[in-house]
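A quick write-up on the structure given underneath.
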Number of protein chains: 2
Amino acid sequence: MINLDLKVFPTWQMVEKNELRGSYAVVIDVLRATNTIITALANGAKEIIPVPEIEIAWEMKKENPSYLLGGERGAQKISGFDLGNSPLEYSPEVVFNRGIIFTTSNGSRALNSSSKADMVCVASLANSKALAKFLANSLKNLTIVCAGTLGNPSLEDTLAAGKIIEEILALEKNYHLNDFGYISLSTYLQNKANIFQAISSSPNGQKLKKLNMSEDIEYCSLMDQTEIIPIFKDGNISNYPRIL
Amino acid sequence: MINLDLKVFPTWQMVEKNELRGSYAVVIDVLRATNTIITALANGAKEIIPVPEIEIAWEMKKENPSYLLGGERGAQKISGFDLGNSPLEYSPEVVFNRGIIFTTSNGSRALNSSSKADMVCVASLANSKALAKFLANSLKNLTIVCAGTLGNPSLEDTLAAGKIIEEILALEKNYHLNDFGYISLSTYLQNKANIFQAISSSPNGQKLKKLNMSEDIEYCSLMDQTEIIPIFKDGNISNYPRIL
């Protein structure tokens, strides 16, 4: 019998980089960075370059003047940027065949902290079923990195981690969960009938509501919308190449 | 309407000390430190002095030669100590009217990190109902500090936090949960019918089983066994004084 580890971390700050060696990593930031990345790629964006700081984004823009600048600080669009961090802004007419330089408070930093893994996948509720199938087939040790919020766990990322675990265990039983993996699965199972309501009343949900971004919460609560599996490799994110 | 915060932290390392000012703190280490403290006091121990390091324990012993030395490293009794970290060792014939100097890997450190709070209570599943009543009546902001395991969340502490939250909300609705508070409550509700089974199959449960300490898991999974509320104040832990 194969023994595989499936670890979940509640924040990217809790992951020791070396722990990721030899495993596949999954980075989750449901509200809203990883949803936005998945949406942009689903709508034809060519690649996304996640960077941890605004200054680095501007430097990258100099080297890639045709690229769009996207992201947020404090949930708001960054001054001078083309796009904020709402997935609804990343429509086909805006992003098709475009490169995007992208910086957010938690998600793009979580991605950059996970680069030691053998492969880094980008996840949200929107692609969790397709991603789980891909991961269960890999038979690799798995590390799910929830972006969290400024160093604290967030409910929406924990729910998505739990959903991915439920889907993986349905396909492959030989995964051994760490404590937060079991906590994530329990939290998801307890709330699966009311995901939108749970996310909507969470602190990050409430914050977006106050900024009149309720539509984003609704969109980011939808499950299994796409089979897109964005892969972060060598500094940029693109679709996992598949023969259909 | 009063607005009160009820925050839960998955590990003591995640708490910023200043955050505790003006609130009541609750420290949880189900396997096994806080259970052991509650048991010792229930069995008549006079006071418990939690210290973060073994060397400090030996120094305290010099000043208090009549005190017992208790605690663990790697779940095992410390060389030269009178007692380990199993609550079953702290029987009335051993601890009645004795002082105990106590050091553990997670629990006693969590206690020492919480000392900025207005009051620090010691909790486990064994006293959660009584504690919740005391806390709900206080109408203070509350911070529940799970000890966790060497910087990572642990299932058993999260379950106990969830149980305390359920009991508090049944008495006083005006508490606003942080994300990990909601996660703890969900995890508890999903597992409340099988607490022993969940703890027993968790990584810390498995570890104790391998060390032939299954009885400890069974004992520490019991809920609502006592009304003892240990209070950590000025460096030592004793019962909250109550007129019966």
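Of (1) more than 12 Å from chain A (Cβ to nearest Cβ); (2) under 23 Å from B:GLN13 (Cβ atoms); (3) in contact with an Asp or Glu (Cβ under 8 Å, 6 or more places away or on another chain); (4) open to solvent by less than 10 Å² (accessible area, probe 1.4 Å), B:VAL120 satisfies all except one. Which?
(3)
Return the total of residues in the stretch A:55-83 being touching a strand residue (DSSP E or B) at 6+ places or on another chain (Cβ under 6 Å) and closer than 19 Å to A:THR34 by Cβ.
Matching residues across the stretch A:55-83 total 8.
If you go through the stretch B:146-156 one residue at a time, do you hit one that is of a type outside the set (A, V, I, L, M, F, W, C), more than 14 Å from every other protein chain (Cβ to nearest Cβ) and open to solvent by 10 Å² or more (accessible area, probe 1.4 Å)?
Scanning the stretch B:146-156 turns up no residue that is of a type outside the set (A, V, I, L, M, F, W, C), more than 14 Å from every other protein chain (Cβ to nearest Cβ) and open to solvent by 10 Å² or more (accessible area, probe 1.4 Å).
Pull out all pairs, ordered by first then second residue, where Cβ-Cβ is under 7 Å, the residues are six or more apart or on different chains, the first lies in the stretch B:65-89 and is within 17 Å of B:ALA45 (Cβ to Cβ), and the second is assigned to a strand (DSSP E or B) and of a type in the set (Ser, Thr, Tyr).
From the stretch B:65-89, the pairs are B:GLY71/B:THR103.
Filter the stretch B:166-176 down to residues that are within 13 Å of chain A (Cβ to nearest Cβ) and either of a type in the set (D, E, K, R) or under 14 Å from A:GLN190 (Cβ atoms) (or both), then give me how many there are.
Of the residues in that region, 1 qualify.
Can you name the residue in the stretch A:185-220 that is among the hydroxyl-bearing types (Ser, Thr, Tyr) and closer than 27 Å to A:PRO52 by Cβ and is also nearest to the other protein chains (Cβ to nearest Cβ) among such residues?
That would be A:SER202.
Filter the stretch A:177-194 down to the residues that are of a type outside the set (Phe, Trp, Tyr) and without any contact (Cβ under 8 Å) to a residue 12 or more places away in the chain, then identify the one that is surrounded by the fewest Cβ atoms within 10 Å (Cβ to Cβ).
Here the answer is A:ALA193.
Mind telling me which of the residues B:SER128, B:SER200 ends up being out of contact with any strand residue (DSSP E or B) (no Cβ under 6 Å at 6 or more places or on another chain), hydroxyl-bearing (Ser, Thr, Tyr), within 27 Å of B:LEU83 (Cβ to Cβ) and surrounded by fewer than 21 Cβ atoms within 10 Å (Cβ to Cβ)?
Exactly one of B:SER128, B:SER200 is out of contact with any strand residue (DSSP E or B) (no Cβ under 6 Å at 6 or more places or on another chain), hydroxyl-bearing (Ser, Thr, Tyr), within 27 Å of B:LEU83 (Cβ to Cβ) and surrounded by fewer than 21 Cβ atoms within 10 Å (Cβ to Cβ), namely B:SER200.
The values are calculated or read from the model by the stated rules, or taken from the named source; none is laboratory data. Only a predicted model underlies this, so the values are computations on that prediction, with no experimental measurement involved. Don't worry about glycine lacking a Cβ; one is built from the backbone with ideal geometry, like all the others, and counts go over all protein chains shown. Remember, those area values only see protein heavy atoms, side chains included, never the ligands or the DNA or RNA. Shrake-Rupley method; radii C 1.70, N 1.55, O 1.52, S 1.80 Å.
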